[in-house]
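J.: Handing you a structure now.
The values are calculated or read from the model by the stated rules, or taken from the named source; none is laboratory data. In this text, all values refer to a predicted model and were calculated from it rather than measured experimentally. Here the Cβ is made from the backbone with ideal geometry for all residues, glycine too, and neighbour counts use every protein chain on show.
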Amino acid sequence: MDFSEKWGTDVDTAVQLALADLKLTIDEVDVTVLEEPSRGFFGIGSKLALVRVEKKKPAKPEPAPVPEKKEKPQQVQPEKVKSENTEKTERTEAPRNKKERSNKKHNKKEREPIAPVIEKIPDEELTVCEDHVALKFLEEVTKEMGLTLDITAKTGADSLYIDIQGKDSGTIIGKRGQTLDAIQYLTSLVVNKENQNYTRVVVDAENYRAKREKTLEKLALRLAGKVARTKRSIKLEPMNPYERKVIHATLQNHPQVTTRSEGQDPYRRVIIELK
């Protein structure tokens with residue numbers, strides 16, 4: 001492999017990942033920045049950096065001067081035989097190369113392992129918490145954003161459930177829950193920063209996650225019916241891992257269609273196709 005495209009929090013990180021993939025040094029490659037990173041506001045709306053690292057092509061040596069020789073036309077015959085043998089080899093290898101390309105194309109359809117949908121944390125296992133580092137963090141963030149919200153928290157043995165209510169809850173949810181996912185990710189980093197045991201953090205607003213899950217289930221069934229009727233596969237919009245698992249789990253026992261994922265996060269998407 002002569003090139004590698006990698007995502008990273010910044011350009012240097014992405015370049016280092018690509019160098020490790022290629023097992024080359026920075027002096028042996030050419031780097032092209034495909035997408036610049038963006039930090040966003042408190043990490044919300046941030047974008048990763050995408051780079052293409054390609055192995056430098058060796059400089060072509062200048063052809064050595066060919067001494068002039070006076071040869072008879074009959075002596076060109078061995079070169080003709082060589083050309084015929086080369087052409088014969090190319091003809092015999094062509095089908096094999098075609099088969100290899102077909103196998104390579106088939107191997108690209110890697111199935112994403114189907115995992116159960118993340119269950120909601122039951123209320124009976126949680127205890128109301130009024131003083132938590134997550135509450136302080138979210139209150140500071142929402143204050144900087146100029147939002148008026150009511151934030152409550154409940155804790156379990158190894159879980160933390162945060163519920164957000166208020167007139168500005170639509171802003172904290174964002175388009176298709178993207179802002180809410182970013183808030184949840186940042187809160188999880190804060191909560192687990194110095195903890196030895198990992199705490200699962202769920203941030204919800206106006207019961208959005210349950211509503212979104214129902215919407216995705218209906219979408220998956222509707223698109224599966226369309227694929228069965230038209231015999232054509234459908235690519236969904238990029239989704240986070242949790243939403244992709246909802247689609248996979250909804251259609252895993254469907255008699256006519258199957259699902260797989262392709263691409264890299266955050267642009268990884270589900271494809272619904274015939275079995």
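J.: Would you check if Glu194 is at positive phi and more than 24 Å from the chain's Cα centre (by Cα)? Please lay out each step first, then the result.
T.: On the way: at positive phi: no; more than 24 Å from the chain's Cα centre (by Cα): yes.
Judged against the criteria, Glu194 is not a match.
J.: Using the structure shown, decide if Thr179 is in contact with a strand residue (DSSP E or B) (Cβ under 9 Å, 6 or more places away or on another chain), at pLDDT 90 or above and either of a type outside the set (Asp, Glu) or outside the structural domain of Pro266 (by TED's automatic domain parsing) (or both).
T.: Values: in contact with a strand residue (DSSP E or B) (Cβ under 9 Å, 6 or more places away or on another chain): yes; at pLDDT 90 or above: no; either of a type outside the set (Asp, Glu) or outside the structural domain of Pro266 (by TED's automatic domain parsing) (or both): yes.
The answer is no for Thr179.
J.: A further question follows. Any idea which of Leu160, Leu180, Leu186 is buried (at least 16 other Cβ atoms within 10 Å of the Cβ) and over 25 Å from Tyr267 (Cβ atoms)?
T.: Values: Leu180 fails: over 25 Å from Tyr267 (Cβ atoms); Leu186 fails: over 25 Å from Tyr267 (Cβ atoms).
After applying the criteria, what remains is Leu160.
J.: Between a residue in region 255-275 that is within 20 Å of Leu48 (Cβ to Cβ) and any residue that is exposed (fewer than 14 other Cβ atoms within 10 Å of the Cβ) and at pLDDT below 95, which pairs come within a Cβ distance under 7 Å, given they are 6 or more apart or on different chains?
T.: From residues that are within 20 Å of Leu48 (Cβ to Cβ), the pairs are Arg269/Lys235; Arg269/Glu237; Arg269/Gly263.
J.: Still on this structure: Is it the case that Ile114 is of a type in the set (Val, Ile, Thr), modelled with pLDDT under 85 and touching a His at 6+ places or on another chain (Cβ under 7 Å)?
T.: Yes, satisfied.
Residues checked against (1) among the β-branched types (Val, Ile, Thr); (2) exposed (fewer than 14 other Cβ atoms within 10 Å of the Cβ); (3) at pLDDT below 80:
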{"residue": "Ser4", "(1), (2), (3)": "no, no, no"}
{"residue": "Gly40", "(1), (2), (3)": "no, yes, yes"}
{"residue": "Lys57", "(1), (2), (3)": "no, yes, yes"}
{"residue": "Val66", "(1), (2), (3)": "yes, yes, yes"}
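J.: If you don't mind, another one. I'm trying to understand the selection: among the residues of region 178-206, which are closer than 24 Å to Pro238 by Cβ and of a type in the set (S, T, N, Q)?
T.: Passing the criteria: Gln178, Thr179, Gln184, Thr187, Ser188.
J.: Another question about this same structure. For region 216-234, what are the residues that are assigned to a helix (DSSP H, G or I) and over 17 Å from Gln252 (Cα atoms)? Before the answer, list the steps.
T.: Pass one, region 216-234, residues assigned to a helix (DSSP H, G or I): 216-230.
The answer is Arg229, Thr230.
J.: Let me ask you something else. One residue is enough: does region 243-258 have a residue meeting the conditions loosely packed, with under 15 Cβ neighbours inside 10 Å and within 30 Å of Glu130 (Cβ to Cβ)? Quick ask: steps written out before the conclusion?
T.: In the first step, residues of region 243-258 are kept if they are loosely packed, with under 15 Cβ neighbours inside 10 Å; the result is 252-253, 255-256.
Applying the additional criterion that residues be within 30 Å of Glu130 (Cβ to Cβ) yields none.
No, because not a single residue in region 243-258 is loosely packed, with under 15 Cβ neighbours inside 10 Å and within 30 Å of Glu130 (Cβ to Cβ).
J.: Further question: Does Gln252 satisfy being under 13 Å from Glu217 (Cβ atoms) and polar (S, T, N, Q)? Steps first, please.
T.: Working: under 13 Å from Glu217 (Cβ atoms): yes; polar (S, T, N, Q): yes.
Yes, satisfied.
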